[in-house]
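Worksheet: one structure, shown below.
The values are calculated or read from the model by the stated rules, or taken from the named source; none is laboratory data. Since this is a predicted model, take the numbers as computed values, not measurements. Using ideal geometry, Cβ is built from the backbone for each residue, glycine included, and neighbour counts are taken over all protein chains shown. Areas reflect the complete protein model, heavy atoms only, side chains present, ligands, DNA and RNA absent. Shrake-Rupley method; radii C 1.70, N 1.55, O 1.52, S 1.80 Å.
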Amino acid sequence: MVEVILSEPLRRLREIDAQLAALPAQAPDEETTQDAAVLWWQREAALNELRGTPPSPHARSQTPVMTNRNTVSGASALDLFADLEPAVDTSFATTTRIQLDETSWIEHVPGWLTGSAHLFDQLLTEAPWEQRYRMMFGRRFQEPRLTAEYPDIAGAPQELLHTVADTLSNHFDVPYRKLWMNLYRDHRGSTGWHGDLIGKVQEVSTVPVLSLGATRRFLIRPAEGGASVSLILASGDLVVMGGRAQRDWRHSVPKQNTPAGPRISVNFAPDLD
Ligand SMILES: O=C(O)CCC(=O)C(=O)O
């Protein structure tokens with residue numbers, strides 16, 4: 001049984017994230033639009049409290065106007081802050097660590113990347129997305145997501161990815177060189193229970209995953225089964241799996257009934273050879 005003790009602003013943040021996750025991807029009416037605006041302001045305030053910083057001048061001067069985008073690039077239709085100038089929080093001040101067992105842990109860094117809509121839009125339009133298939137029981141199944149890779153981050157055309165990888169490398173003392181990405185086109189996109197490939201190669205590893213776009217649930221549970229720990233990941237949040245988490249634990253992003261817009265997850269890895 002994993003006991004997670006949350007500080008007051010973090011508890012509030014998780015409550016707000018759960019409420020945001022329950023909102024439809026596109027604001028259907030004025031009332032939902034206003035509810036979402038209030039929630040995003042509250043989220044920003046909780047994040048600032050966690051970071052120990054006053055509200056950003058950007059946030060204070062920005063009128064909370066809902067962007068009700070209708071295109072597929074409307075990842076953050078209800079996200080007022082995703083449109084700010086991109087910036088990573090090099091202090092990782094909002095980190096909460098959940099100790100899964102003696103040797104495995106997970107960290108959640110809410111609001112780690114500000115202005116995440118820029119990177120989301122770039123990746124959506126520029127990354128080499130492909131549909132992959134799996135053979136199971138002699139049949140070919142389409143994966144419920146699209147996938148893209150940059151086997152050498154240095155060659156990725158999105159400059160911000162270099163900053164992100166360098167900041168993660170410095171903080172976790174791991175040379176992140178490659179990345180793979182998932183595009184969940186809507187709430188039916190998912191990834192089933194699995195451990196990442198790195199778990200087969202390294203006994204302990206540190207795998208950061210950056211969330212962009214729609215808010216989704218991320219679950220992690222013991223490899224042999226049992227209760228899962230659930231995190232709600234909003235655009236710009238970082239989740240990091242560490243220690244033996246890739247060997248002894250399995251993670252997933254489940255399908256959900258509540259409609260959601262597209263989400264991209266960016267997963268970082270060192271060279272494994
Ligand atoms: O989308 C996520 O948050 C997790 C992705 C993942 O587990 C994977 O690609 O291996």
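Data table
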item: Positions within segment 168-179 being open to solvent by 20 Å² or more (accessible area, probe 1.4 Å) and not aliphatic (A, V, I, L, M), in sequence order; result: Ser169, Asn170, His171, Phe172, Asp173, Pro175, Arg177, Lys178
item: Failed item, numbered, when Ile264 is tested on (1) out of contact with any helix residue (DSSP H, G or I) (no Cβ under 6 Å at 6 or more places or on another chain); (2) within 22 Å of Leu113 (Cα to Cα); (3) of a type in the set (A, V, I, L, M); (4) near the ligand (Cβ under 10 Å from one of its atoms); result: (1)
item: Condition check for Thr163: polar (S, T, N, Q), touching a strand residue (DSSP E or B) at 6+ places or on another chain (Cβ under 7 Å) and open to solvent by less than 60 Å² (accessible area, probe 1.4 Å); result: no
item: From Pro144, Pro128, residue being at pLDDT 95 or above, open to solvent by 30 Å² or more (accessible area, probe 1.4 Å) and in a strand (DSSP E or B); result: Pro144
item: Pairs, first modelled with pLDDT of 95 or more in segment 84-96, second among the hydroxyl-bearing types (Ser, Thr, Tyr) and open to solvent by 50 Å² or more (accessible area, probe 1.4 Å), C-beta under 7 Å, six or more apart; result: Val88/Thr163
item: Residues (outside any strand (DSSP E or B) and out of contact with any Pro (no Cβ under 7 Å at 6 or more places or on another chain)) located in segment 185-212; result: Gly195, Asp196, Leu197, Ile198, Gly199, Lys200, Val201, Gln202, Glu203, Val204
item: Where Asn182 falls short, out of the listed (1) within 14 Å of the ligand (Cβ to nearest atom); (2) open to solvent by 40 Å² or more (accessible area, probe 1.4 Å); (3) outside any helix (DSSP H, G or I); result: (2)
item: Residues within segment 231-273 that are closer than 13 Å to Thr215 by Cβ and either of a type in the set (Gly, Ala, Ser) or touching a Cys at 6+ places or on another chain (Cβ under 7 Å) (or both), tallied; result: 6
item: Leu238 in contact with a Ser or Thr (Cβ under 6 Å, 6 or more places away or on another chain) and within 11 Å of the ligand (Cβ to nearest atom); result: no
item: Residue that is farthest from the ligand (Cβ to nearest atom), among those in segment 185-210 that are surrounded by 21 or more Cβ atoms within 10 Å (Cβ to Cβ) and either of a type in the set (Lys, Arg) or over 22 Å from Ala234 (Cβ atoms) (or both); result: Ser205
item: Some residue of segment 45-53 being part of a loop (DSSP other than H, G, I, E, B), modelled with pLDDT of 55 or more, among the acidic types (Asp, Glu) and open to solvent by 10 Å² or more (accessible area, probe 1.4 Å); result: no
item: In segment 256-273, the residues that are among the charged types (D, E, K, R) and at pLDDT 95 or above; result: Arg263
item: Any hit, segment 213-233, residues being of a type in the set (Lys, Arg), away from the ligand (no atom under 12 Å from the Cβ), part of a strand (DSSP E or B) and open to solvent by 10 Å² or more (accessible area, probe 1.4 Å); result: yes
